[in-house]
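Input: a single structure, listed below in structure tokens.
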Amino acid sequence: MPVVRVKAFNSGVAYFEHAGKVTGDATVLLKFKPEQINDLLKSLVVTDPSGEVTGISYASQEPLSRALKSFGVDISGEPTLKRYSSDKTISPKVREALTEAIKRRNALAQAEAEQRELQRRISRLQRDQGVVRANVTALSRNPTSASYKRFEKKLLEIQDKIDALQARLEEAQAKVQSLRKGLEDYLVKLTLK
């Protein structure tokens, strides 16, 4: 979107007007530095002759706690739904947004815990696999012995378990990534209605 007007004031404040035509459901990208977001959000005006601006989003790099602090909300410590759902000093809209953010954060934390548990189980099986593999190698001089066959079978069973857990881990990683992106998108999205 091109700049069509710039006004500089004696106070050091400047006004930049971007204007242009957007057709259909096109997306307009405005680039700015993260430290400019506060001023940008305070002064941003979006107009559409049809009156239908669907939304504005900002992909923030800063942590949730710092972003919310800038709006006067402190989530340090352990924010809980109970803590914010009954706090009458927070406006209903902010309380609703915090409640949703905390729910999403809790879902992400649970998915991350599941991911860590799968990684732990895979590591344990890989250690067991190393021990069994050492036994198979030691017994490989007599591949027809019952011990060799038992350890070889155990080695295959462990590999099957690792493969199954690895598939679940990939699903868990995708879930974590999706939940993290969903939380980040939710936190930076500003809907103008």
Does any residue of the stretch 126-138 turn out to be within 19 Å of Arg180 (Cα to Cα), out of contact with any Ser or Thr (no Cβ under 9 Å at 6 or more places or on another chain) and at pLDDT 85 or above? no
Within the stretch 128-160, the residues that are surrounded by 15 or more Cβ atoms within 10 Å (Cβ to Cβ) and among the hydrophobic types (A, V, I, L, M, F, W, C) are Val132, Val136, Leu139, Phe151, Leu155, Ile158
Please state which of the following conditions Lys181 fails to meet, knowing it meets all the rest: (1) modelled with pLDDT of 90 or more; (2) under 30 Å from Ile102 (Cβ atoms); (3) exposed (fewer than 12 other Cβ atoms within 10 Å of the Cβ). (1)
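Have a look at Ala107, Ala97, Ala101 and point out the one that is assigned to a helix (DSSP H, G or I), surrounded by 13 or more Cβ atoms within 10 Å (Cβ to Cβ), of a type in the set (Gly, Ala, Ser) and in contact with a Pro (Cβ under 9 Å, 6 or more places away or on another chain). Break it down into steps so the answer makes sense when it comes.
Values: Ala107 fails: in contact with a Pro (Cβ under 9 Å, 6 or more places away or on another chain); Ala97 fails: in contact with a Pro (Cβ under 9 Å, 6 or more places away or on another chain).
Of the residues listed, the single one that is assigned to a helix (DSSP H, G or I), surrounded by 13 or more Cβ atoms within 10 Å (Cβ to Cβ), of a type in the set (Gly, Ala, Ser) and in contact with a Pro (Cβ under 9 Å, 6 or more places away or on another chain) is Ala101.
Quick test for you: out of Glu112, Glu170, pick the one residue that is part of a helix (DSSP H, G or I), exposed (fewer than 13 other Cβ atoms within 10 Å of the Cβ) and charged (D, E, K, R).
Numbers: Glu112 fails: exposed (fewer than 13 other Cβ atoms within 10 Å of the Cβ).
Result of the check over Glu112, Glu170: Glu170.
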Show the residue pairs that are 6+ apart or on different chains and have beta-carbon atoms under 7 Å apart, the first residue being within the stretch 127-140 and without any contact (Cβ under 8 Å) to a residue 12 or more places away in the chain, the second being charged (D, E, K, R) and surrounded by 15 or more Cβ atoms within 10 Å (Cβ to Cβ). none
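The values are calculated or read from the model by the stated rules, or taken from the named source; none is laboratory data. None of the values given here were measured: they were computed from a predicted structure. All Cβ positions, glycine included, derive from the backbone under ideal geometry; neighbour counts span all protein chains shown.
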